[in-house]
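Just below is one structure, and these are the notes that go with it.
Values quoted throughout were computed directly from the atomic coordinates according to the rules given, and no laboratory measurement underlies them. Owing to the predicted nature of the structure, the values given are computational and were not obtained by experimental measurement. Because the Cβ atoms are built from the backbone with ideal geometry, glycine has one as well, and the counts that use them run over all protein chains shown.
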Amino acid sequence: MDGVQGVLKHTLKRLLQDPNPNYSLVAIAYAQLGDKDKAFEYINKGIDTHEFDPRLWLYDPAVGGSKADPRFQTVLKRVNFPQT
């Protein structure tokens with residue numbers, strides 16, 4: 001593992017070892033690795049635990065591709081955030 005991808009994978013592994021991981025950070029790591037399905041899985045876990053902050057996604061260029069996914073609009077509706 002080297003480069004940014006290696007660092008992300010290592011960070012993700014450490015986050016997931018925590019019995020109560022920060023779901024928003026896990027989702028961001030998955031999004032940056034290009035795994036949108038896992039990213040949205042953890043976004044929804046974050047919503048369920050009242051931990052998800054949509055502003056992290058709206059203004060973080062590293063997760064930009066996920067915002068184009070139709071599931072992101074569903075997420076915004078779930079948290080009563082204005083549609084983009």
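Summary table below
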quantity	calculated
Gyration tensor (alpha-carbon) shape descriptor, the chain, a/c threshold 1.5	oblate
Over the chain: helical MRE at 222 nm, DSSP H runs n ≥ 4 each giving -39500 (n - 2.57), nearest 500	-19500 deg cm²/dmol
Residues in segment 17-47 that a label on residue 7 would reach, taking backbone N under 11 Å of a point 7 Å out along Cα→Cβ	none
Of 58, 12, 33, the one that fluctuates the most in a GNM where the chain has Cα springs shorter than 10 Å	58
Acute angle (nearest 10 degrees) that the helix 36-48 long axis makes with the longest principal axis of the chain, alpha-carbon atoms	60 degrees
Extension gain (nm, one decimal) between residue 55 and residue 14, 0.36 nm per residue minus Cα-Cα	12.4 nm
Residue with peak Gaussian network fluctuation, the chain [Cα springs, cutoff 10 Å], from 19, 54, 70	19
Gain on full stretching of the segment that runs from residue 41 to residue 73 - 0.36 nm per residue minus C-alpha separation	10.1 nm
Cα-based helix-to-principal-axis angle, 23-32 vs the chain, degrees rounded to 10	70 degrees
